[in-house]
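Single-structure report; data block below.
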Amino acid sequence: MMMMRSMFGAALITAVVSAISVGQSKGSPPVPYVDKGACPFECCTYRQWSVEKPTTVRTSMSDSAPIGFRLKAGEKVQGMTGVVITTQPGIVRALKNGTIGTMRIRKSEQFYVLTNLGEGFTKVWFKGRIFQGEPYDDSMFKFVREPKSVWWVKIKNRRGQIGWSRQPQNFGNVDQCG
């Protein structure tokens, strides 16, 4: 929870880079939003991880999927990839007129935060498009609601078994900066 809070915390968004058109209405973002390959915080990395707490690993990304194997504290695993599924996008409101990338945004308009990309970048949805964004001066934007999401990680143990866990907080060595 603390990791997710710090991901979005006080950092407010202005979009940059390129926009990707999505086949949604211009009124609301795609929900759930599935971000394959996401590693959702600054310095997040997939590599060898340590198991900090006992962890159940499932055969697929579902709480009802069969248990593939269990991990004990002290084991080493390979963090292979991840998927962030946003079930409720964050809402950010413009406090004054400005731009998001090449799109104009007016005071009181809102955009949605989908997922964090790490290194300060976030996926933002505005008027039917998804942009990559980065932290911006909080005098321009205000968070109205933080996003709700779950991060599933794909794990490979030393025996070569592969499965999924939505308990990434149970692993160490995930943050290459710390």
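The values are calculated or read from the model by the stated rules, or taken from the named source; none is laboratory data. Here the structure is a predicted model, which means the values were calculated and not measured. As a convention, Cβ positions derive from the backbone with ideal geometry for all residues, glycine included, and neighbour counts pool all protein chains shown.
Is it the case that Val84 is touching a residue at least 60 places away in the same chain (Cβ under 8 Å), buried (at least 18 other Cβ atoms within 10 Å of the Cβ), touching a helix residue (DSSP H, G or I) at 6+ places or on another chain (Cβ under 7 Å) and β-branched (Val, Ile, Thr)? Criteria not met by Val84. Within segment 153-178, the set of residues being surrounded by 16 or more Cβ atoms within 10 Å (Cβ to Cβ), under 17 Å from Ile67 (Cα atoms) and touching a Phe, Trp or Tyr at 6+ places or on another chain (Cβ under 8 Å) comprises Val153, Lys154, Ile155, Asn157, Gly163, Trp164, Ser165, Arg166, Pro168. Restrict the check to segment 142-152 and report whether at least one residue is more than 22 Å from Val31 (Cβ to Cβ), not in a loop (DSSP other than H, G, I, E, B) and not charged (D, E, K, R). No, there is no match, as no residue in segment 142-152 is more than 22 Å from Val31 (Cβ to Cβ), not in a loop (DSSP other than H, G, I, E, B) and not charged (D, E, K, R). Taken together, Ser108, Ser165 contain a single residue that is of a type outside the set (Lys, Arg), free of Cβ contacts under 8 Å to residues at least 60 places away in the same chain and in contact with a Lys or Arg (Cβ under 9 Å, 6 or more places away or on another chain), which is Ser108. Of all residues in segment 153-166, those that are part of a strand (DSSP E or B) and under 18 Å from the mean Cα position of the chain (by Cα) total 5. All of Ser60, Ser108 fail the test of being among the small types (Gly, Ala, Ser) and closer than 30 Å to Gln48 by Cα, apart from Ser60. Among the residues of segment 125-178, the one identified as of a type in the set (Asp, Glu) and over 27 Å from Gly98 (Cβ atoms) is Asp175.
Which residue, of Thr55, Thr87, Thr81, Thr59, is of a type in the set (S, T, N, Q), at pLDDT 95 or above, closer than 19 Å to Gly160 by Cα and within 16 Å of the chain's Cα centre (by Cα)?
That would be Thr81, the only listed residue that is of a type in the set (S, T, N, Q), at pLDDT 95 or above, closer than 19 Å to Gly160 by Cα and within 16 Å of the chain's Cα centre (by Cα).
Is there a residue being out of contact with any strand residue (DSSP E or B) (no Cβ under 7 Å at 6 or more places or on another chain) and not acidic (Asp, Glu) anywhere in segment 72-93? Checked segment 72-93: no residue is out of contact with any strand residue (DSSP E or B) (no Cβ under 7 Å at 6 or more places or on another chain) and not acidic (Asp, Glu). Looking across segment 125-141 at every residue that is assigned to a strand (DSSP E or B) and among the charged types (D, E, K, R), the one that is modelled with the lowest pLDDT is identified as Glu134. In segment 110-124, the condition of being among the hydrophobic types (A, V, I, L, M, F, W, C), closer than 21 Å to Ala94 by Cβ and in contact with a helix residue (DSSP H, G or I) (Cβ under 8 Å, 6 or more places away or on another chain) is met by at least one residue.
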